[in-house]
Amino acid sequence: MKKIDEQKIDKLAKLAVIRGVALEKGQNLLISAPIEALPLVRKIAEHAYKAGANIVTPLFSDDEIILSRFKYAPNDSFDQATNWLYDGIGQAFDNNTARMAIAGDDPLLLAEMDPDKVSRANKATNKAYKPARERITEFKINWNIISWPGKAWAKRVFPNLTEEDAVIKLGDAIFDASRASVQDPIAAWDDHNKSLRIKTDWLNNKNFDSLIYKGPGTDLKIGLAEDHEWMGGASLAQNGIMCNPNIPSEEVFTTPHRLNVEGHVCSTKPLSYQGTLIDEIKVTFKEGQIIEAHASKGEEILQKVLKSDDGANRLGEVALVPDSSPISQSGIIFFNTLFDENAASHIALGQCYTKCFKQKDLSPEQIKSRGGNSSMIHIDWMIGSNKIDVDGVDQNGNSIPVFRKGEWCN
Ligand code: ZN
Ligand code: ZN
């Protein structure tokens, strides 16, 4: 039987501990992962303990068990969540526990299940997880997310290969995109972080008032929040630890103004959202709010998502990614936002990254008054391609080219 290269698993695990979560001596580490990722989680635990971890706690999930719930659990239970677990996770974060998540589940796991149960269960989980998730979005602790080539996911990405071959091929794509298959992944990430830093420094220096996107089906102005800060690559958590939250990551991103988005935009890649696929999204914004939304696939789910709460139909993130990014050039659609969002410029509905402000200890009211959005959802979707131009409008109204045909102008 063919197996995923153990050396690459080891390199990815070490990279995730040393540069990803950047675990500090004496810290506890919480890892959530699909059960299939056990070989990677074991390696992470090994490297974490070698780096001085105090206690490493894995939390595993299993697709079959999730499906059993949707098939057999009582109807009322879909409005409930395991609050005790999310409360405990929040407590762990308050005690400076570092967080790692391994993605790799079947992206279309719930596609055949009752959409009403799916959306109620998502809503209940989102609500229960909110306090803990806020500690992540506020960047209180160091965290990191990496991926594992789960069997079902691999078959979605490479439907014409055998399961075995699909897993190996997706594994290689993950290791490559994560810069984990090179000789020295840690040095490669140090270089990558430096080049992202040049872009964020330039954008922060320009301090644009808004960005204008033009391309096929897209004519959109995205106002940026007051005092917004562009971030990307390595960044400093509030506990003083410099970590790389996303591996891979090719984006620079900031917080848009929730009241100042005008025009229309269409998605350029399919969006895999909690087990269903939403494709060819077309939306129109007025005063920051989506007033019309369509999708060729998954429109029902999209409409439900937009009604999740008051902030769900406004933007919480704007991110720039050149079309030449290695993930875009791989030509693979991963059906996983972690990868696909790094293939193209994107926006996200819902919660803003409150860390994307120059001042770091803002209250929820201060964030709101600067234009930051608040919601229990955060959903990235891709609007970039090699046909999109982006201009920045500075505080004096001057227009400065940022992207031409999907590439950085400088
Ligand atoms: Zn993003
Ligand atoms: Zn995002």
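The values are calculated or read from the model by the stated rules, or taken from the named source; none is laboratory data. Worth saying up front: this structure is predicted, and the values here are computed from it rather than measured. Positions of Cβ are backbone-derived with ideal geometry, glycine not excepted, and every protein chain shown enters the neighbour counts.
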Every residue in segment 310-329 that is assigned to a loop (DSSP other than H, G, I, E, B) and of a type in the set (Gly, Ala, Ser), please.
311, 312, 324, 325
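What are the residues in segment 144-169 that are touching a strand residue (DSSP E or B) at 6+ places or on another chain (Cβ under 9 Å) and either assigned to a loop (DSSP other than H, G, I, E, B) or over 18 Å from residue 60 (Cβ atoms) (or both), if any?
So in segment 144-169, the residues touching a strand residue (DSSP E or B) at 6+ places or on another chain (Cβ under 9 Å) come out as 144-148, 150, 153, 156.
Within segment 144-169, 148, 150, 156 qualify.
How many residues does segment 346-388 contain that are acidic (Asp, Glu) and either over 25 Å from residue 283 (Cα atoms) or over 23 Å from the mean Cα position of the chain (by Cα) (or both)? Steps first, please.
Of the residues in segment 346-388, the ones acidic (Asp, Glu) are 361, 365, 380.
Restricting the remaining residues to those that are either over 25 Å from residue 283 (Cα atoms) or over 23 Å from the mean Cα position of the chain (by Cα) (or both) gives 361, 365.
Total satisfying the criteria: 2.
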Qualifying residues in segment 338-397 (those that are in contact (Cβ under 8 Å) with a residue 24 or more places away in the chain and of a type in the set (Asp, Glu)) - the one farthest from residue 145 (Cα to Cα):
394
Taking residue 108 as meeting all but one of (1) at pLDDT 90 or above; (2) closer than 24 Å to residue 340 by Cα, write down the number of the exception.
(1)
Among the residues of segment 330-348 satisfying the criterion of being part of a loop (DSSP other than H, G, I, E, B) and within 9 Å of ligand 1 (Cβ to nearest atom), which is modelled with the highest pLDDT?
342
Do you know which residues across segment 237-258 are among the aliphatic types (A, V, I, L, M), away from ligand 2 (no atom under 16 Å from the Cβ) and assigned to a strand (DSSP E or B)?
242
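Listed here are the residues, each with its yes/no results for (1) under 26 Å from residue 246 (Cα atoms); (2) among the aliphatic types (A, V, I, L, M).
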| residue | (1), (2) |
| --- | --- |
| 366 | no, no |
| 374 | yes, no |
| 378 | yes, no |
| 393 | no, yes |
| 396 | no, no |
| 400 | no, yes |
| 403 | yes, no |
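Have a look at 282, 269, 307, 297 and point out the one that is farther than 18 Å from residue 368 by Cα and out of contact with any strand residue (DSSP E or B) (no Cβ under 8 Å at 6 or more places or on another chain).
Numbers: 282 fails: out of contact with any strand residue (DSSP E or B) (no Cβ under 8 Å at 6 or more places or on another chain); 269 fails: out of contact with any strand residue (DSSP E or B) (no Cβ under 8 Å at 6 or more places or on another chain); 297 fails: out of contact with any strand residue (DSSP E or B) (no Cβ under 8 Å at 6 or more places or on another chain).
Every option except 307 fails the conditions.
Which residue out of 139, 158, 175 is in contact with a helix residue (DSSP H, G or I) (Cβ under 6 Å, 6 or more places away or on another chain), aromatic (Phe, Trp, Tyr) and either crowded, with 21+ Cβ neighbours inside 10 Å or not assigned by TED's automatic domain parsing to the domain that holds residue 76 (or both)?
Values: 139 fails: in contact with a helix residue (DSSP H, G or I) (Cβ under 6 Å, 6 or more places away or on another chain); 158 fails: either crowded, with 21+ Cβ neighbours inside 10 Å or not assigned by TED's automatic domain parsing to the domain that holds residue 76 (or both).
Exactly one residue qualifies, and that residue is 175.
Can we say residue 221 is touching a Ser or Thr at 6+ places or on another chain (Cβ under 7 Å) and either crowded, with 20+ Cβ neighbours inside 10 Å or of a type outside the set (Val, Ile, Thr) (or both)? Steps first, please.
On the way: touching a Ser or Thr at 6+ places or on another chain (Cβ under 7 Å): yes; either crowded, with 20+ Cβ neighbours inside 10 Å or of a type outside the set (Val, Ile, Thr) (or both): yes.
Yes: the conditions hold for residue 221.
I'm trying to understand the selection: among the residues of segment 349-372, which are within 15 Å of ligand 2 (Cβ to nearest atom), of a type in the set (S, T, N, Q) and at pLDDT 90 or above?
Of segment 349-372, the ones within 15 Å of ligand 2 (Cβ to nearest atom) are 349-356, 372.
After this cut, where a residue has to be of a type in the set (S, T, N, Q) as well, the list is 351, 354.
Correct list: 351 only.
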Outside any helix (DSSP H, G or I) and hydrophobic (A, V, I, L, M, F, W, C), is that true of residue 53?
yes
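Pull up segment 86-108, narrow it to residues that are in contact with a strand residue (DSSP E or B) (Cβ under 8 Å, 6 or more places away or on another chain) and assigned to a helix (DSSP H, G or I), then point me to the one that is surrounded by the fewest Cβ atoms within 10 Å (Cβ to Cβ).
At the first step, the residues of segment 86-108 found to be in contact with a strand residue (DSSP E or B) (Cβ under 8 Å, 6 or more places away or on another chain) are 89, 92-93, 97-105, 107-108.
Checking the rest, the ones that are also assigned to a helix (DSSP H, G or I) come to 89, 92-93.
Values: 89: 22, 92: 20, 93: 23.
Only one residue fits best here, namely 92.
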Restrict the check to segment 213-229 and report whether at least one residue is assigned to a loop (DSSP other than H, G, I, E, B), assigned by TED's automatic domain parsing to the domain that holds residue 382, within 16 Å of ligand 1 (Cβ to nearest atom) and under 30 Å from residue 101 (Cα atoms).
yes
Of all residues in segment 58-84 being surrounded by 13 or more Cβ atoms within 10 Å (Cβ to Cβ) and touching a Leu at 6+ places or on another chain (Cβ under 9 Å), the one that is modelled with the lowest pLDDT
63
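Results for (1) crowded, with 21+ Cβ neighbours inside 10 Å; (2) closer than 25 Å to residue 201 by Cα, shown as yes or no for each residue.
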residue	(1), (2)
263	no, no
272	yes, no
279	no, no
292	no, no
301	yes, no
305	yes, no
319	yes, yes
338	yes, yes
Of all residues in segment 374-390 being assigned to a strand (DSSP E or B) and farther than 19 Å from residue 225 by Cβ, which is farthest from ligand 2 (Cβ to nearest atom)?
389
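Among the residues of segment 365-382, how many are within 16 Å of ligand 1 (Cβ to nearest atom) and in contact with a Ser or Thr (Cβ under 6 Å, 6 or more places away or on another chain)?
The initial filter retains those residues of segment 365-382 that are within 16 Å of ligand 1 (Cβ to nearest atom), namely 372-373, 375, 377-382.
Now narrow it down to the ones that are in contact with a Ser or Thr (Cβ under 6 Å, 6 or more places away or on another chain): 372, 377, 380-382.
Number satisfying all stated conditions: 5.
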